[in-house]
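A quick write-up on the structure given underneath.
The values are calculated or read from the model by the stated rules, or taken from the named source; none is laboratory data. All figures in this text were calculated on a predicted structure; none of them were measured in a lab. Methodologically, a virtual Cβ is constructed for each residue, glycine included, from the backbone with ideal geometry; neighbour enumeration extends over all protein chains shown.
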Amino acid sequence: MTTEHKTLTIDNVSRRGFLQGMLSASAFVICVRKFPLLASAAKSGAPLSPTVDTTAFHPGVYVGINPDGTVVIVAHRTEMGNGVRTSLPRIVADELDADWSRVTVIQGDGDDKYGSQDTDGSHSVREFFEPLREAGATARLMLVRAAAEKWGVPAEQCLADPPHFVSHKTSNRQLGYGELAELAAKQPVPKKDELKLKSRSEWRYIGKPAPGYDVDGICSGKPVFGMDVRVDGMLYAAIAHPPVLGGKVKSIDDAATLKTVGVKQTIPIDPFKPPHAFQPLGGVAVIADNTWSAFKGRKQLKIDWDNGPNAAYTSADYKKQLQETARQPGKPVHSWGDADAGFSKGGKVIEAEYFAPHLAHASMEPPAAVADVHGDKVTVWAPTQNPVGVREEVAKALGLKKEDVVCHVTFLGGGFGRKSKPDFAVEAAVLSKKTGKPVKVVWSREDDIKFDYYHSVAAMYLKAAVDQSGKPTAWLQRSVFPPISSTFDKDATYGSAGEMSLGWDVIPFEVANFRAENGPAAAHVRIGWLRSVANIYHAFAVQSFANELAVAANRDAYDYLMELIGSGRVVEGPKGGNQELANKYPYDIARLRHVAELAASKANWGKKKSGNGWAMGIAVHRSFLTYVATVVEIEVDAQGAVRIPNVYTALDAGIVANPDMVQSQFQGAAVFGTSLARTGQITATNGAVDQSNFFDYPVARMNDAPAHVDVQIVESDAPPAGVGEPGVPPFAPALCNAIYAATGKRVRELPLSRNGFA
């Protein structure tokens, strides 16, 4: 499976290059005490391999100060349009009283010393708000004490003002941070109880809008994305994956492939051993001098596949199976009151079933990674949301220690959860070891769509007994979906407690009797988390059903929803969860009610009557500890074409680090939600995914997306919550509720394209 006689060279015509820099030897470096070491520095636009002189003082990992006064802050989370390379460093800079114009942000490699680096779950600011404030405050206090020592005055007489300087007001003296760096490095690290964090009124950057740190570089093509990485002597690989999950190669004819100009060899990749987790899928890799030759050679492969037991999976039949399971009693998840007793009292009962299909991530940049294996040392460059996971999985696949794997994090051309799964980086490492050279694995768009970790398909059944006023007295809901845990446990069929907490184990409504259940479902494709995870289908079902109850009661949708939400109170979830988190972030219905009022007010709800193809729909949802209400305005023509002139969203995410980033996230969520709701669906026939590219898995074009998205951020002193994902869940039900109001046609199955709408 090797040929060495043909070579095709393609010059690098990348619009981007690598710009690298280093901190000077006398840098002062500091951070939170629990993370003991510091990593690196590189100029904005090329955060590939940051390093710092090891002679520098470094009791911590997040912030350093050069003798020239440059403040270097490490962004340890992944930038993929989420703004973390702006929001997180500005938290540090605020408490440090640094001049933002003199701050350089560098990208941290994958390393446990930073704490969690998994950029998933909308928890970057939430998890690191206090640690990063402490890092900045620690550095500030050490600089103040250094200045006081130099001047021979009490530290209490010195303060960090103006930014980037320590002043002694009595004598009108000032010293810059750069001048103090070496002396500050000799100061003892203060204890946490010695720190004085700023009050909200003193914040200079936190809560203030700011453009993205990298925006200029991005607009001029400077940042390095995964697809841009090149190293000397690099080979390229395209992989023919088994068309069905768990499939294996029975036989292969690679004669035509090896005759392709530029192709060097073909290499079998072992199939995974269940559970698949983050292992490569297996198949056959085509190794070439360039991507074009690798792709062309792959097309020439003749492979006879053993598709295994999942070849029996066809999504149309599986849908019926899920729906039938949803109609049967399931495993109790959480309850209050007595739902059975409530239903036994008779009265009007309303039932509905909802369905949401598998979804693909379809990020702008498909997976790509470079790996270079030298003996028992590995270097990986990857657009990953989970650099520590890359190190762990590469080490596991090659039989090495995690400490022997370095993962440099590039920018991501979108992620949405897909790039927290490091299988594609593991493929590059396996092939580098086999070839003895650096290897760049590139997935095509077809690979990306056909071999994703899909967002789960789900069938849901809801039932409510209502009184004479139309208000529910008993509520039952049952959800059935192949769980994410099937990725790690081949026998898993029930949703985890985490998945049940994503909009299902409680509802925000004043209902005396409630029960949530979950039914079993086996996975036949890889299941993974996608932006807002199970909240997508759970919010769709619950908020659509609430609207159906409003229609049955002949009530205005907003008025009825507000009556369902009821008065301010705290909703308790199942016992045994993270009680510390629950205590810090109680489910406060008053906050949910407030965002609903705000969104409806901004939309001028009720000022225009629905009908004749025009309407508004509303939905509310709490996810990732953030409260969101969304109103979608639509116009539907006689052919079923849906136009979205306006979206009004209000959110309460507690303390917001950077309102500009939050605005962007929620505007993007409306576009993302539009894609999922209008056309998003992954189906399979005989185990193989039917879709392959944007022609059959469309994303929202400009004419499909909302023309205008109004985002209202509630000012709050509550602890920071998530912002990257919470805008997605209420969008689809608000849109579908609007469609019913405009047309009288109820959408209980996504996407809209399955219901006659375009």
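Does Ala670 satisfy being at pLDDT 95 or above, among the hydrophobic types (A, V, I, L, M, F, W, C) and in a loop (DSSP other than H, G, I, E, B)? Spelling it out, it is not the case that Ala670 is at pLDDT 95 or above, among the hydrophobic types (A, V, I, L, M, F, W, C) and in a loop (DSSP other than H, G, I, E, B). Selection within region 559-588: residues that are touching a residue at least 24 places away in the same chain (Cβ under 8 Å) and among the β-branched types (Val, Ile, Thr). The member of this set that is nearest to Ser335 (Cα to Cα) is Val571.
Counting the residues of region 302-325 that are within 18 Å of Pro268 (Cα to Cα) and loosely packed, with under 14 Cβ neighbours inside 10 Å gives 2. Scanning region 61-81 for residues that are charged (D, E, K, R) and touching an Asp or Glu at 6+ places or on another chain (Cβ under 8 Å) returns a single hit, Glu79.
Only one of the numbered conditions (1) surrounded by 17 or more Cβ atoms within 10 Å (Cβ to Cβ); (2) out of contact with any Gly (no Cβ under 8 Å at 6 or more places or on another chain) is violated by Phe128, and that is (2).
Listed here are the residues, each with its yes/no results for (1) among the aromatic types (Phe, Trp, Tyr); (2) within 19 Å of Ser692 (Cα to Cα).
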residue	(1), (2)
Ile287	no, no
Asn307	no, yes
Leu322	no, no
Thr325	no, no
Gly330	no, no
Gly347	no, no
Glu351	no, no
Tyr354	yes, no
Pro357	no, yes
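Of all the criteria given as (1) touching a residue at least 60 places away in the same chain (Cβ under 8 Å); (2) closer than 16 Å to Ala459 by Cβ, the one not satisfied by Ala341 is (2). Exactly one residue out of Glu202, Glu182 is in contact with a helix residue (DSSP H, G or I) (Cβ under 9 Å, 6 or more places away or on another chain), surrounded by 12 or more Cβ atoms within 10 Å (Cβ to Cβ) and of a type in the set (Asp, Glu): that is Glu182.
Screening the candidates Glu427, Glu403, Glu392 for the property of being acidic (Asp, Glu) and farther than 23 Å from Gly282 by Cβ yields one hit, Glu403. With respect to the stated conditions, Ser485 is over 30 Å from Lys609 (Cβ atoms), touching a Phe, Trp or Tyr at 6+ places or on another chain (Cβ under 9 Å) and among the hydroxyl-bearing types (Ser, Thr, Tyr).
Determine, yes or no, whether Asp447 is of a type in the set (D, E, K, R) and in a helix (DSSP H, G or I). Yes. The selection criterion, being farther than 15 Å from Lys208 by Cβ, of a type in the set (D, E, K, R) and at pLDDT below 95, holds for Asp68. Restricting Ser444, Ser420, Ser432 to those that are within 19 Å of the chain's Cα centre (by Cα) and at negative phi reduces the list to Ser420. Name the residue that is surrounded by the most Cβ atoms within 10 Å (Cβ to Cβ), counting only residues in region 703-738 that are under 18 Å from the mean Cα position of the chain (by Cα) and more than 27 Å from Ser753 (Cβ to Cβ). Only one residue tops the list, namely Val723. Taking the criterion of being free of Cβ contacts under 8 Å to residues at least 60 places away in the same chain and either basic (Lys, Arg) or at positive phi (or both), the residues of region 693-752 that qualify are Arg701, Gly744, Lys745. Can you tell me which residue is surrounded by the most Cβ atoms within 10 Å (Cβ to Cβ) among those in region 514-537 that are within 17 Å of the chain's Cα centre (by Cα) and under 24 Å from Ala312 (Cβ atoms)? Residue satisfying both the conditions and the ranking: Ile527.
Here's the yes/no breakdown for (1) more than 27 Å from Tyr697 (Cβ to Cβ); (2) out of contact with any Asp or Glu (no Cβ under 7 Å at 6 or more places or on another chain); (3) part of a helix (DSSP H, G or I):
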{"residue": "Asp304", "(1), (2), (3)": "yes, yes, no"}
{"residue": "Tyr318", "(1), (2), (3)": "no, yes, yes"}
{"residue": "Gln321", "(1), (2), (3)": "no, yes, yes"}
{"residue": "Thr325", "(1), (2), (3)": "no, yes, yes"}
{"residue": "Val333", "(1), (2), (3)": "yes, no, no"}
{"residue": "Asp340", "(1), (2), (3)": "yes, yes, yes"}
{"residue": "Ala369", "(1), (2), (3)": "no, yes, no"}
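Reported count of residues in region 448-484, each being of a type in the set (S, T, N, Q), surrounded by fewer than 23 Cβ atoms within 10 Å (Cβ to Cβ) and in contact with a helix residue (DSSP H, G or I) (Cβ under 8 Å, 6 or more places away or on another chain), is 1.
Only residues that are surrounded by fewer than 21 Cβ atoms within 10 Å (Cβ to Cβ), among the hydroxyl-bearing types (Ser, Thr, Tyr) and touching a residue at least 60 places away in the same chain (Cβ under 8 Å) were counted in region 485-500, giving 2.
Among the numbered conditions (1) farther than 21 Å from His241 by Cβ; (2) not in a helix (DSSP H, G or I), the only one that Arg391 does not meet is (2). Any residue in region 183-192 that is touching a residue at least 12 places away in the same chain (Cβ under 8 Å) and under 30 Å from Glu715 (Cα atoms)? Checked against the condition, which is being touching a residue at least 12 places away in the same chain (Cβ under 8 Å) and under 30 Å from Glu715 (Cα atoms), region 183-192 yields at least one hit.
Checked against (1) in a strand (DSSP E or B); (2) of a type outside the set (Asp, Glu); (3) surrounded by 21 or more Cβ atoms within 10 Å (Cβ to Cβ), Ala677 passes all but condition (1). Being outside any helix (DSSP H, G or I) and under 23 Å from Leu359 (Cβ atoms) is not true of His538.
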